[in-house]
1. Scan the range 385-424 residue by residue and report those that are crowded, with 20+ Cβ neighbours inside 10 Å and of a type in the set (S, T, N, Q).
2. Does Cys369 satisfy the condition of being assigned to a strand (DSSP E or B) and buried (at least 17 other Cβ atoms within 10 Å of the Cβ)?
3. Hey, does the range 76-95 have a residue that's modelled with pLDDT under 95 and more than 14 Å from the ligand (Cβ to nearest atom)?
4. Being more than 24 Å from the chain's Cα centre (by Cα), more than 14 Å from the ligand (Cβ to nearest atom), open to solvent by 50 Å² or more (accessible area, probe 1.4 Å) and in contact (Cβ under 8 Å) with a residue 12 or more places away in the chain, is that true of even one residue in the range 430-438?
5. Would you point out which residue out of Glu96, Glu73 is free of Cβ contacts under 8 Å to residues at least 40 places away in the same chain, over 21 Å from Arg231 (Cα atoms) and among the acidic types (Asp, Glu)?
6. Quick check on the range 7-19. Is at least one of its residues in contact with a Gly (Cβ under 6 Å, 6 or more places away or on another chain), within 19 Å of Phe275 (Cβ to Cβ), touching a residue at least 40 places away in the same chain (Cβ under 8 Å) and surrounded by fewer than 17 Cβ atoms within 10 Å (Cβ to Cβ)?
7. Looking at Ala276, Ala319, Ala284 in this structure, which one is more than 13 Å from the ligand (Cβ to nearest atom), of a type outside the set (Phe, Trp, Tyr) and in contact with a His (Cβ under 8 Å, 6 or more places away or on another chain)?
8. Could you figure out which of (1) in a strand (DSSP E or B); (2) under 15 Å from the mean Cα position of the chain (by Cα) isn't true of Val160?
Amino acid sequence: MSPLVSTRDEQSSTSFIEAMLNPSAARGGLYTFKSLPTFTLKDIESFTKLSYAKLCEDIFTRLNLNLSAPVLEAALRTYEHFDNPLNPAPFLPFSENLFMLNLFSGPTRAFKDMALQPFGVLLSHFAKERKKPYLVLAATSGDTGPATLESLANKDYIKVVCLYPHGGTSDVQRLQMTTQSAHNCKVFGIEGNFDDAQSTLKHLLASKSFLQNLDAQGMALSAANSVNIGRIVFQIVYHIWAYVSLVKSQHIQCGEKLSIVVPSGNFGNILGAFFAKKMGLPLARLVVAANVNNVLSEFINTGMYDITSRQLIKSKSPAMDILKSSNVERVLYALFGDKRTYELLSAFAKEGKYTLTSAELALLQEDFCALDCSDEQCLQSIVEAFRAGFVLDSHSAIGYYVAKTLQAKGSIDKSIFLATAEWSKFAPSVQEALIKAHILPNMRAMESKEVDKAAIEAICNMAHIELPKRIYGLFSKPEVQKEVLPIAQVEPRIIEWLTESKR
Ligand SMILES: *Cc1c(COP(=O)(O)O)cnc(C)c1O
């Protein structure tokens, strides 16, 4: 049986490997699980005896992904390059009732590594097996791009094109892409924001002319964004791991309810938690933590997804500066079915909004709740955490803010918030917070690249922590990929690069 179907037409189904290689599903939908297997509390108890890799293998077997053991094992060996090879997602107790899950201990220091490191091995393996070279597109709000490049650089049968919003990322994020010198990788800044980058990617995935052009070059097309179900499956595992780790360390009892707070943008991270909950993980609430682009928290709280009167705002948490959040679609399908999903998303394409019925909203709120956080509240939370001995980045700080605020209101009880990036990727925001609180002295204005470097040095000095070597090393690398394109030029320029790079 094929386990994956289009969110907009469940008659159209495919295998996991096929969906990973070709993520564009029927009627403009996304591939997702038609139904999910479930596990019991007894199973969860047995999970406490497994390593991270074995837990992943167990979950993937239940999901019926049909990956052969040696291939999956090779993919999971990428976790050996994380800070602690045996625990790629360690938790920290923040207080008696609040924990933090560190998802940034991989090579590019953001949670995207959790899925993209093993995903890259799978993708390259199946491309090679088919003797078919793949072009892998990545549209990024800042962290998917670096993680995709890191995972796929120099891989056989793979070429990567990465699109990022020019001026819409932190300097460190940009340097992680523009200093990439692997021959099979191409990076373009685009004149637009992340929504434009993701729309361009979706357009290319469905563009007949583009596909014909690739075909003429003997190539096929895939994508590294969380539209690809191959990302999402790896993102289920660490939510289960977090719960099991808290059981193992006796912070919770097996079966006790836990809420998970997720700084959200494209909804791929929290979707992993949603699937884990549907499989039987005892989660109380899935909490969407949003920034000022609070379209997601408005949706969860009112049932109305409406971008008609919104302009994307540049916030201190740029990886969450998104209005068109792709993975909400997979939740709509799971709760309301393919016909309703098609109806709602057709309305969205036409009118820029859709509204759930009150019965549908009630169903959504059984699983989710949400709160947003302003830049000011984010910076204050960085300071508060810093005083307690934790250096948080400006995305993780939103998770912290939302968790403590909802706990104080009594809306959620025992919780874990997800730390999605190392502070070093967003050092100027951390520095600004600490300057406002008079913890760090004010700095004089500097050249852009120097700002991040100086901020990292100042924070390390003050907090007596070591320079974060994977990030700090970027400042001495040459920027070899500096092309910026208007959106209309993206398609022809990619074709041109493919032709050039063949010679
Ligand atoms: C990608 C990202 C997010 C948002 O995750 P989604 O899966 O898109 O919701 C949050 N924080 C950081 C640091 C990220 O890189």
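The values are calculated or read from the model by the stated rules, or taken from the named source; none is laboratory data. As the structure is a prediction and not an experimental result, all values here were calculated from the model. No Cβ is skipped: glycine too gets one built from the backbone with ideal geometry, and neighbour counts run over all protein chains shown. Quick note on the areas: whole protein, heavy atoms, side chains included, nothing else; ligands and nucleic acids left out. Shrake-Rupley method; radii C 1.70, N 1.55, O 1.52, S 1.80 Å.
1. Within the range 385-424, Ser394, Ser396, Ser415, Thr420, Ser424 meet the criteria.
2. The answer is yes for Cys369.
3. yes
4. We begin by selecting, within the range 430-438, every residue more than 24 Å from the chain's Cα centre (by Cα); these are 431-438.
Next, only the ones that are more than 14 Å from the ligand (Cβ to nearest atom) stay: 431-438.
Now restrict to residues that are open to solvent by 50 Å² or more (accessible area, probe 1.4 Å): 432, 436, 438.
Next, from what is left, pick out any that are in contact (Cβ under 8 Å) with a residue 12 or more places away in the chain: 432, 436.
Checked against the condition, which is being more than 24 Å from the chain's Cα centre (by Cα), more than 14 Å from the ligand (Cβ to nearest atom), open to solvent by 50 Å² or more (accessible area, probe 1.4 Å) and in contact (Cβ under 8 Å) with a residue 12 or more places away in the chain, the range 430-438 yields at least one hit.
5. Working: Glu73 fails: over 21 Å from Arg231 (Cα atoms).
The match here is Glu96.
6. Within the range 7-19, not a single residue is in contact with a Gly (Cβ under 6 Å, 6 or more places away or on another chain), within 19 Å of Phe275 (Cβ to Cβ), touching a residue at least 40 places away in the same chain (Cβ under 8 Å) and surrounded by fewer than 17 Cβ atoms within 10 Å (Cβ to Cβ).
7. On the way: Ala319 fails: more than 13 Å from the ligand (Cβ to nearest atom); Ala284 fails: in contact with a His (Cβ under 8 Å, 6 or more places away or on another chain).
Just one listed residue meets the conditions, Ala276.
8. (2)
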